[in-house]
Each structure stands twice: as structure tokens, then as C-alpha cells.
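Remarks on the structure that follows.
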Amino acid sequence: MNLEGMLEIAVTAVKASGAIQKEWLRKEKRIELKGEINLVTDVDRRCEQRIIEIIRMTFPEHNILTEETSMPQLPSPFRWIIDPLDGTTNYAHGYPRFCTSISLEKEGRVILGAVYDPLLDELFTAQQGEGAFLNGERIAVSATDQLINALLCTGFPYDLRESRENNLDCFNRFIMEARAIRRDGSAALDLCYVAAGRFDGFWELKLHPWDVAAGKLIVEEAGGRMTDFRGGPLNIEGKETLASNGKIHADMIRVLERGG
């Protein structure tokens with residue numbers, strides 16, 4: 001199957017997951033704790049199960065990395081990276097900021113991504129070398145070239161009460177240099193908003209591959225830049241994620257390098 005066909009499978013899966021999220025949003029949900037403030041719901045697991053079913057029907061030989069379930073490793077160069085419900089805390093509280101994120105790696109390189117916000121019916125997609133799109137229309141990063149004019153977004157790790165690497169120092173520095181900062185609780189959507197020019201930049205610590213993989217490709221295909229906090233290549237398995245329109249990237253690195 002070609003890349004376009006694989007993207008269609010990803011789109012089918014994110015939309016199926018989104019339908020489950022909409023159906024259960026106002027219903028009683030079972031909520032469990034994975035940590036002191038880290039939640040998982042039965043809807044996360046319903047979405048994950050449906051996504052895996054859709055992918056396995058066409059690609060039973062592919063590897064799958066997903067947030068809630070450990071999957072056996074298969075001898076395939078392909079790996080699907082899945083966040084069935086990004087923004088679980090928002091979802092559990094009825095706050096309308098959540099999505100499903102799916103990407104596909106080939107030999108360690110992300111080649112397609114799809115992120116779906118079911119409440120706004122916004123589908124962000126990208127294929128390697130083909131640009132980034134929102135509901136089929138091409139998108140591009142913003143033209144903001146000064147940090148003082150930038151709207152930024154960030155998030156905080158779940159261990160912020162135990163670890164000194166909790167992003168509070170970076171937040172305090174950025175809020176004195178940027179126009180404004182938002183913290184919306186869904187890294188996959190935040191990255192898509194950078195790609196669409198709604199945010200000018202984003203940074204966060206201790207994200208996971210399923211938080212970042214699809215959004216990374218979408219940002220880069222929209223003309224943006226993704227690195228670690230020092231400007232080095234972004235490792236989706238790493239601890240540091242910095243995204244921007246490219247024009248304010250050096251200024252964001254300067255703020256991040258200032259230290260506590």
C-alpha cells in the first residue's frame with residue numbers, strides 16, 4: 001500500500017476514536033490514576049482498542065506503540081505510534097480540549113501523521129514531503145518574528161511536584177518575554193496549532209513519543225522547526241520538545257538556555 005493509502009487508514013482510525021470520545025463525553029466514565037495526578041479513563045481504552053483493530057485489519061505485521069497497552073515487537077520496519085486520547089485530564093473534567101494522535105514510522109522516521117479534534121471536527125494531516133493540511137486545506141506556520149509579539153504554549157510534567165525539572169522556571173522567563181502563554185493540556189493539538197499559525201511557539205518537558213510524533217511531522221511540513229532546547233535534532237524519545245515557526249526559534253532557545 002502506498003503512503004496515501006496508509007494515511008487514509010490513520011484518518012479512519014482517528015475519526016473512529018473521535019466518535020467514541022464524543023459519544024462518551026457527557027456520560028459517566030470510569031477514571032483511574034496512573035500517578036498522583038495522571039489519569040486514564042475507560043474511554044482511553046475504548047479508543048485504543050478501536051484504533052488497534054482498524055490498523056491490524058490492514059497491517060497485522062506492523063509494530064504498534066500506544067500509550068495504554070504494551071504490544072509485542074514484530075520484525076517490521078513500520079511502527080504506528082498512537083495516543084488514543086491526548087488530553088485525558090481535560091476529557092475527564094469535560095474541558096473541550098482533547099484529540100487522537102496517530103503517526104507511522106518507517107525505519108525510525110515518521111512518514112505520516114494525523115491528529116483529530118472531534119469537537120471542532122478539525123483533522124490535521126501530513127505526509128513526508130507533501131505539506132501539512134487542516135481539513136484538506138494546506139496550512140503554514142506564522143510569520144511572527146519577534147518573541148514579544150508571540151503567542152506561546154506549554155505544558156507541565158506529571159511529576160512537577162517531585163522533580164525540579166518541572167518547567168516552572170522556563171514558564172516564568174517566557175511570560176516576561178512573550179506576548180502571552182497558554183497551557184491547554186494537549187501537546188498533540190498544541191503542535192498542530194503551531195503548524196496552523198495559531199501559536200508561534202511551543203515547548204515542554206518529558207513528553208512521550210505518542211505526544212510528539214504526529215505533531216512533529218505536521219509542524220515541519222507546515223514550514224516550522226522542531227528541536228531540543230539547545231537547537232539539536234529532536235528525539236521523540238527524549239525529554240525536551242521545542243517547536244516554533246522558525247523565526248523565533250533562536251530567541252526561544254536563548255530563553256531556555258538561561259537556566260534557573
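Tabulated results
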quantity: C-alpha center-to-center spacing [the range 98-154, the range 165-208] in angstrom; calculated: 15 Å
quantity: Angstrom value of the Kirkwood radius, inverse mean 1/r, which spans all Cα pairs in the range 147-256; calculated: 13.4 Å
quantity: The range 3-138 - convex hull of alpha carbons, volume per residue in Å³; calculated: 108 Å³
quantity: Mean Cβ count within 10 Å, highest first, over the residues of peptides 110-119, 173-182; calculated: 110-119, 173-182
quantity: Average Cα contact separation per residue, the range 159-235, under 8 Å, 6 or more apart, as relative contact order %; calculated: 24 percent
quantity: Per-peptide average of other Cβ atoms within 10 Å, ordering 4-15, 204-215 highest first; calculated: 204-215, 4-15
quantity: Length released on extending from GLU61 to GLU137, taking residue separation times 0.36 nm less the Cα-Cα span; calculated: 24.1 nm
quantity: The chain, relative contact order [Cα under 8 Å, separation at least 6], %; calculated: 16 percent
quantity: Cα-based equivalent ellipsoid, the chain: semi-axes from gyration tensor eigenvalues, Å; calculated: 28, 21, 17
quantity: FRET efficiency, ASP145 to LYS15 (Cβ-Cβ, R0 35 Å, nearest 0.05); calculated: 0.45
quantity: Mean separation of Cα contacts under 8 Å, 6 or more apart, over the residue count of the range 198-260: relative contact order %; calculated: 39 percent
quantity: Peptide ranges 188-196, 91-99 listed from the most packed, as the mean C-beta count within 10 angstrom indicates; calculated: 188-196, 91-99
quantity: Set of aspartates and glutamates near LYS15 by C-alpha distance (under 15 Å), chain-local residues within fewer than 8 positions excluded; calculated: GLU23, ASP44, GLU48, GLU53, ASP83, ASP86, ASP117, ASP121, GLU122
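Every number here is computed from the coordinates shown, using simple stated rules; none is lab data. Predicted, not measured: the structure shown is a model, and the values here were computed from it. Cβ sites come from the backbone with ideal geometry, for glycine too, and all protein chains shown count toward neighbours.
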